[in-house]
1. Please go through segment 51-108 and give me each residue that is over 19 Å from Pro21 (Cβ atoms) and of a type in the set (Val, Ile, Thr), ordered by number.
2. Where residues in segment 53-97 are without any contact (Cβ under 8 Å) to a residue 24 or more places away in the chain and touching a helix residue (DSSP H, G or I) at 6+ places or on another chain (Cβ under 6 Å), which of them is farthest from Ala42 (Cα to Cα)?
3. How about segment 34-67: which of its residues are within 10 Å of the ligand (Cβ to nearest atom) and part of a helix (DSSP H, G or I)?
4. Can you run down the residue pairs with Cβ atoms below 6 Å, 6 or more apart or on separate chains, where the first is in segment 7-19 and aliphatic (A, V, I, L, M) and the partner is surrounded by fewer than 23 Cβ atoms within 10 Å (Cβ to Cβ) and not in a loop (DSSP other than H, G, I, E, B)?
5. Based on what the data block shows, is Ala94 away from the ligand (no atom under 12 Å from the Cβ) and either assigned to a loop (DSSP other than H, G, I, E, B) or modelled with pLDDT of 90 or more (or both)?
Amino acid sequence: MIDTDLICDFCSAPAPAWRYPARTFLAYCVANVAGESVGDWAACDACHKLIEAEDRKGLAQRSLDELILKHPEARSAAAALYEDLAGLHDQFFAHRIGTAVPINANAA
Ligand SMILES: [Zn+2]
């Protein structure tokens, strides 16, 4: 799913720089957004660094912070959302199948 509207799958930042090959896995539901993780995950530079450092807490916190920025009404459910996001990221770590690949080889 590479297209011009690509966003970071972790924090929704635009124009993520990295792609993580991953197996498709079961549907998830975070913040009223239901979906299915199909194949690769996109990651921005900041999330890429957290993933490489295996800083799962930092990654979940960053995702939560960005989510609440966009959806301030979600703040009241922050603790539950953090658990949802951490769980989703656990699935990502369990299903990723290789190292990160730069997305925009022609952006340099
Ligand atoms: Zn990100």
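1. If the condition is that a residue be over 19 Å from Pro21 (Cβ atoms) and of a type in the set (Val, Ile, Thr), then Ile68 is the only one that fits.
2. Ranking the qualifying residues of segment 53-97, first place goes to Arg75.
3. Listed by number, the residues that qualify are Asp45, Ala46, Cys47, His48, Lys49, Leu50, Ile51, Leu59, Arg62, Ser63, Glu66.
4. Ile7/Pro14; Ala17/Asp45
5. Numbers: away from the ligand (no atom under 12 Å from the Cβ): yes; either assigned to a loop (DSSP other than H, G, I, E, B) or modelled with pLDDT of 90 or more (or both): yes.
Judged against the criteria, Ala94 is a match.
The values are calculated or read from the model by the stated rules, or taken from the named source; none is laboratory data. These figures come from a predicted structure and were not determined experimentally. Note that each Cβ is placed from the backbone with ideal geometry, even for glycine, and that neighbours are counted across all protein chains shown.
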